[in-house]
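A.B. asks: Could you have a look at this structure, given as structure tokens, before my questions?
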Amino acid sequence: MKKILSAIVFVAFSVCTFAQVTITSSNYYQEGAVARDVYTVENDATDSVSTANIFTTPLTFSNSLESQFSAYNMVDSVYYDGPATEGEFTEETCSFADENGMRMHLKVTDEKAVCLGVSGALAQLGINDNIEVPFEDEMDVITFPAQLNSQTNSTAHGLYIEHISALQESFNGFGSYGPMIYQFVTAEYDSIMIDIQVTYSSDFDETGTLSLTGSRMMQGEYEYLREKRQYSYITNMYMQRNGSTEFTIISECTLTNSMFSMFFGSETINLGEALESMMGLSFPMTSTSVTLNYWRADDNYPIVEMVTNPNLTHSKHLAIRYEDHETSCTEQEIANIEIFPNPTTDILNIAVEDMDNGIMNIYSTNGSLVKEVKLNGSHNSINVNDLHNGCYFFNILYGDKEIKGNFAKN
């Protein structure tokens, strides 16, 4: 009897081991577009969906998500970009955009994947151009093979130095005082230094079976390996006075001029306090994002991605693999709207039948609001030159109507 029980236990253990999803370097990434069904909350910043309504038993993703999230659309997006041919990251294997909109540059070997640095715009500082911040030391992202209970914890640090003129747009946002303060700043300071520290963790914490039953989803039942991935950013700013070789943290930077007493009650102002009071920029700036990635065997990107808060109780964004991989984000299927050229390089023309005034919200493929534009009349031209190349989806609100669509920026 004991031999029979031992045999049963051995067989059961063997089956579980065989069914377990394992991620290796050969199936960690693949260049090219991925069709995904994207659900997002686009209301007030505090709005979200309780994950108690998403984590069903058994785990099933269906059309009912449309009643929970305020926006949903199918998009084609490049999950992994190929290696760069110029700039700081020519040694990379691929790159991808994280939940904060920063691009992570990876080098993948048979043993592990490491992050070489980040790039993107620092819109909060008025720096809308793409900046590249290589890390002083590589940041470990994943060790192969990754399976249940595999964990990675690492930190990285990078610096970006730019002329003080990079902040001109930010100071212009100060209102009537902004341009004046900017002139005084440039008279005393030469350069800024952006200090970015990233803390990263990856925990493959759960296996199981999930079902995709929604009409647009890649329907079926799949064995999954869940990865809880977390990024935390700490961004600080330093300034360098003219003729100095040292940088001073922004909270200790001052500016003195007799004219300031008329406006601020003192001849000396603290630049860190000025940024906080006038623009709401408080240093150090911190942000944390958590994503649950549901991997399946022999696939190169998650079948489900869910952006949550750190304790996993609420979600603002959910992306699920789409059934048809031949779709394109450049197609327009809405009858009462014309959008051209699509793809575009700078100007996007929009014609909406019978519209007087409206609002157009443009979202990245990770659900982040990247641009809001007021529309006047039925024909409008939108400058999207400030957007990075890629696919975007939008909604247009006018009266009691809503139009959804997508376009590509090249």
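The values are calculated or read from the model by the stated rules, or taken from the named source; none is laboratory data. From a predicted model like this one, the values you see are computed outputs, not experimental measurements. Don't worry about glycine lacking a Cβ; one is built from the backbone with ideal geometry, like all the others, and counts go over all protein chains shown.
A.B. asks: Which of the residues belonging to segment 169-190 are closer than 26 Å to Thr245 by Cα and surrounded by 16 or more Cβ atoms within 10 Å (Cβ to Cβ)?
C.D. replies: Residues satisfying the conditions are Ser170, Phe171, Ile181, Tyr182, Phe184, Val185, Thr186, Glu188, Tyr189.
A.B. asks: Can you pull out the residues in segment 356-410 that are more than 23 Å from Ala121 (Cβ to Cβ), surrounded by fewer than 12 Cβ atoms within 10 Å (Cβ to Cβ) and among the small types (Gly, Ala, Ser)?
C.D. replies: The answer is Gly377, Gly399.
A.B. asks: Could you please let me know if Ser154 is of a type in the set (Gly, Ala, Ser) and in contact with a Leu (Cβ under 6 Å, 6 or more places away or on another chain)?
C.D. replies: Criteria not met by Ser154.
A.B. asks: Suppose the filter is farther than 30 Å from Tyr160 by Cα, at pLDDT 90 or above and surrounded by 12 or more Cβ atoms within 10 Å (Cβ to Cβ); does Leu59 pass it?
C.D. replies: Criteria met by Leu59.
A.B. asks: Give me a count of the residues in segment 360-395 that are under 22 Å from the mean Cα position of the chain (by Cα), in a strand (DSSP E or B) and not hydroxyl-bearing (Ser, Thr, Tyr).
C.D. replies: Of the residues in that region, 14 qualify.
A.B. asks: Please tell me if Leu375 is within 26 Å of Ala35 (Cβ to Cβ) and of a type in the set (A, V, I, L, M, F, W, C).
C.D. replies: no
A.B. asks: Within segment 302-315, take every residue that is among the hydrophobic types (A, V, I, L, M, F, W, C) and assigned to a loop (DSSP other than H, G, I, E, B) and give me the one that is surrounded by the most Cβ atoms within 10 Å (Cβ to Cβ).
C.D. replies: Ile303
A.B. asks: On the given criteria, is Phe184 of a type in the set (Phe, Trp, Tyr) and modelled with pLDDT of 95 or more?
C.D. replies: Taking the combined requirement at face value, the residue does not satisfy it.
A.B. asks: Another question, then. Can you list the strands (runs of 3 or more DSSP E) found entirely within segment 95-150 that contain at least 3 residues being acidic (Asp, Glu) and more than 30 Å from Met279 (Cα to Cα)?
C.D. replies: Hits in segment 95-150: 127-143.
A.B. asks: May I ask you to say which residue of Ala97, Ala113 is of a type in the set (A, V, I, L, M, F, W, C) and within 16 Å of the chain's Cα centre (by Cα)?
C.D. replies: None of the others qualify; the one that does is Ala97.
A.B. asks: Turning to a different aspect of this structure: Taking the options Leu255, Leu210, Leu281, name whichever one is under 29 Å from Leu312 (Cβ atoms), in contact with a Leu (Cβ under 9 Å, 6 or more places away or on another chain) and touching a residue at least 40 places away in the same chain (Cβ under 8 Å).
C.D. replies: Only one candidate qualifies: Leu210.
A.B. asks: Now for a separate question. Which ranges mark the strands (runs of 3 or more DSSP E) fully within segment 214-301 that have 3 or more residues being closer than 30 Å to Glu66 by Cα and in contact with a helix residue (DSSP H, G or I) (Cβ under 8 Å, 6 or more places away or on another chain)?
C.D. replies: none
A.B. asks: Moving on to the next point. Would you please name the residue that is modelled with the highest pLDDT, looking only at residues in segment 16-45 that are closer than 14 Å to Asn73 by Cα and in a loop (DSSP other than H, G, I, E, B)?
C.D. replies: Residue satisfying both the conditions and the ranking: Val41.
A.B. asks: Considering only residues of segment 79-109 that are touching a strand residue (DSSP E or B) at 6+ places or on another chain (Cβ under 7 Å) and of a type in the set (Ser, Thr, Tyr), which is modelled with the highest pLDDT?
C.D. replies: Thr93
A.B. asks: A further question follows. Considering every residue within segment 163-185, establish whether at least one is among the β-branched types (Val, Ile, Thr) and either without any contact (Cβ under 8 Å) to a residue 40 or more places away in the chain or within 30 Å of Phe55 (Cβ to Cβ) (or both).
C.D. replies: no
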